[in-house]
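The values are calculated or read from the model by the stated rules, or taken from the named source; none is laboratory data. This structure is a prediction, so every number in the text was calculated from the model and none was measured. Note that we place each Cβ from the backbone using ideal geometry, even for glycine, and neighbour counts take in every protein chain shown.
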Amino acid sequence: MLIAVTYDNGSVFQHFGHTEEFKVYTVEDGKVVSSSIVSSDGQGHGALATLLSQKGVDALICGGIGPGAVNALSQLGVRVYAGVTGDADKAVSSLLDGTLQYSESANCSHHHEDGHSCHDHEEGHSCHHHDDGHSCSCHH
């Protein structure tokens, strides 16, 4: 089994479509046996999904991800564990022992009808992470 994590300096990177690196973990018998860093080469959302599929990745751990990317990954057979924060290695360990706090769906729609992105914290827009870490949703 291969698990990819959106990766930035040891932590789970919080925007799937802008990740520059993935840390890919090889898991055998429920344990990590090796890991490597894979460059995204600055590709877009759809290309990132294809890249992970071509590498044989079975699961993705990430922070924020939009519904289009979740659908693309799902169609390629990659299970998505979204809304995850913190240390990448610990996230993989938590997934393997069944304690990872995550969301199974897109956890942030990055753009609203008015053109504001989830990261525009003006005019009352904010990105909210629930205390249990399950999801991130944008609010007006």
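Numbers at a glance
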item	result
Members of the range 1-47 that are touching a residue at least 40 places away in the same chain (Cβ under 8 Å) and of a type in the set (A, V, I, L, M, F, W, C)	M1, L2, I3, A4, V5, V12, F13, F16, V27, V32
Matching entry among V80, V92, V84 (being more than 11 Å from the chain's Cα centre (by Cα), surrounded by 17 or more Cβ atoms within 10 Å (Cβ to Cβ) and within 20 Å of V38 (Cβ to Cβ))	V92
Test: residue in the range 23-30 that is loosely packed, with under 15 Cβ neighbours inside 10 Å and closer than 19 Å to Y81 by Cβ	yes
Within the range 83-123, considering residues that are in a strand (DSSP E or B) and at pLDDT below 95, the one nearest to V5 (Cα to Cα)	S103
Within the range 1-20, tally of residues that are at pLDDT 95 or above, under 19 Å from A47 (Cβ atoms) and surrounded by fewer than 20 Cβ atoms within 10 Å (Cβ to Cβ)	2
